[in-house]
Structures are given as C-alpha cells and as structure tokens.
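Laboratory data are not the source of any read-out in this text; all were calculated from the coordinates shown. Note that the coordinates shown come from a computational prediction; the quantities given were computed from them, not determined experimentally. As a convention, Cβ positions derive from the backbone with ideal geometry for all residues, glycine included, and neighbour counts pool all protein chains shown.
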Amino acid sequence: MVHYGSLDVAASARRDFDQAVAYLSQDPVERALFARLEHGAQHVTLTTNRHDADYYDPNTHAIHWDPHSAMATANGGRQSPALGLGHEVDHAVHDGPREWQRSQTFDPRYDTAEERRVITGSERHAAHTLGEGTRTDHGGATYRVDSPVAMALIA
C-alpha cells in the first residue's frame with residue numbers, strides 16, 4: 001500500500017491514481033475533495049478492478065475503481081475513468097448520517113438523493129472544467145480506454 005495521509009492506495013494502482021489526481025486537480029472542487037480525503041479523520045482504502053465497477057462502500061470505507069473504464073452518458077457525452085474516481089471520492093469524503101439518509105431517499109432520475117448531490121455537484125463542476133460530458137441521470141454505458149484520463153475508445 002501507498003499512503004496518502006488517511007488514504008491508502010494499492011501499490012499496483014499508484015501510477016493510475018497519481019495520473020487521475022493530477023488531471024482532476026485542475027478543477028478546484030476536485031482538488032479540495034482530494035485534500036479532504038487525504039487529511040480526513042476517516043481512514044479510506046482505494047483498490048482497483050477490471051470489472052467496470054466504481055463505487056464507494058461506506059461499511060468498509062473503501063473506494064473501488066476501474067482506471068480503464070470510461071462512460072458514455074445517456075445524453076451523448078463521455079467521461080473519463082478519472083471523473084468516475086472523483087465521483088466516488090465525493091461519496092467517501094461526505095460519508096456520514098446525512099449522506100446515508102440521502103442514499104436511502106429515492107430519486108426517479110438519479111436513483112437516490114445522494115447520487116443526485118454528487119452528479120449535479122462536484123461531478124458536473126469537474127466535467128465543465130475538464131471539458132467532459134455531464135450526466136442528467138445516474139445512468140451510462142461503460143467502455144474500455146487505455147488510461148485513467150482518456151475518453152477515446154480503445155481501437
């Protein structure tokens with residue numbers, strides 16, 4: 001494991017993680033989220049996978065991220081794997097009773113009020129800053145890319 005303050009990253013993920021953070025840090029909201037994650041009281045672990053699975057598990061305080069899984073949004077946009085990581089970091093940073101309540105509150109477009117908060121908040125802000133597509137729901141179709149900051153399909 002590589003330690004980034006209160007965040008532990010699997011050593012095998014270090015290069016992809018560093019590349020994603022450097023890219024996302026161009027956005028002030030994302031930069032602040034990573035600073036809060038790394039200096040927070042809650043210990044968080046980041047692991048990678050190759051299953052198109054990005055999610056935060058509040059029970060284990062673990063972020064699961066596929067650094068080569070980009071997303072085509074329902075409205076025709078594209079998002080990098082890095083933006084998916086930023087989305088999950090927002091969930092991890094705001095892991096508390098209020099967010100748990102929002103995660104239990106149904107939202108017809110975003111599945112839950114917590115997903116709406118992240119998608120229309122930090123994710124949308126970063127997407128605008130970085131020139132990526134935005135979402136108008138919690139959907140999307142994943143596809144493989146060659147780096148965490150890519151949005152082009154692998155040929």
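Observations on the structure shown:
- Single residue of the stretch 128-155 satisfying the filter (surrounded by fewer than 16 Cβ atoms within 10 Å (Cβ to Cβ) and β-branched (Val, Ile, Thr)) that is farthest from the chain's Cα centre (by Cα): 154
- The number of residues in the stretch 111-155 that are polar (S, T, N, Q), over 11 Å from residue 83 (Cα atoms) and in contact with a helix residue (DSSP H, G or I) (Cβ under 7 Å, 6 or more places away or on another chain) comes to 2.
- Any hit, the stretch 85-98, residues being crowded, with 18+ Cβ neighbours inside 10 Å, of a type in the set (Val, Ile, Thr) and touching a residue at least 24 places away in the same chain (Cβ under 8 Å): yes
- In the stretch 17-32, the qualifying residues are those that are assigned to a helix (DSSP H, G or I) and not hydrophobic (A, V, I, L, M, F, W, C), and the one that is surrounded by the most Cβ atoms within 10 Å (Cβ to Cβ) is 30.
- Scope the stretch 30-56; condition farther than 19 Å from residue 5 by Cα and of a type outside the set (Ser, Thr, Tyr); matching residues: 49, 50, 51, 52, 53, 54
- Scope the stretch 81-99; condition over 18 Å from residue 140 (Cα atoms) and in contact with a Pro (Cβ under 7 Å, 6 or more places away or on another chain); matching residues: 95
- Hits in the stretch 99-119 - residues which are of a type in the set (Val, Ile, Thr) and surrounded by fewer than 21 Cβ atoms within 10 Å (Cβ to Cβ): 105, 112
- Among residues that are buried (at least 17 other Cβ atoms within 10 Å of the Cβ), closer than 21 Å to residue 133 by Cα and either of a type in the set (Phe, Trp, Tyr) or in contact with a Lys or Arg (Cβ under 6 Å, 6 or more places away or on another chain) (or both), residue 56 is not included.
- Residue match in the stretch 127-142 (condition: touching a Leu at 6+ places or on another chain (Cβ under 7 Å), of a type in the set (Gly, Ala, Ser), part of a helix (DSSP H, G or I) and closer than 28 Å to residue 3 by Cβ): no
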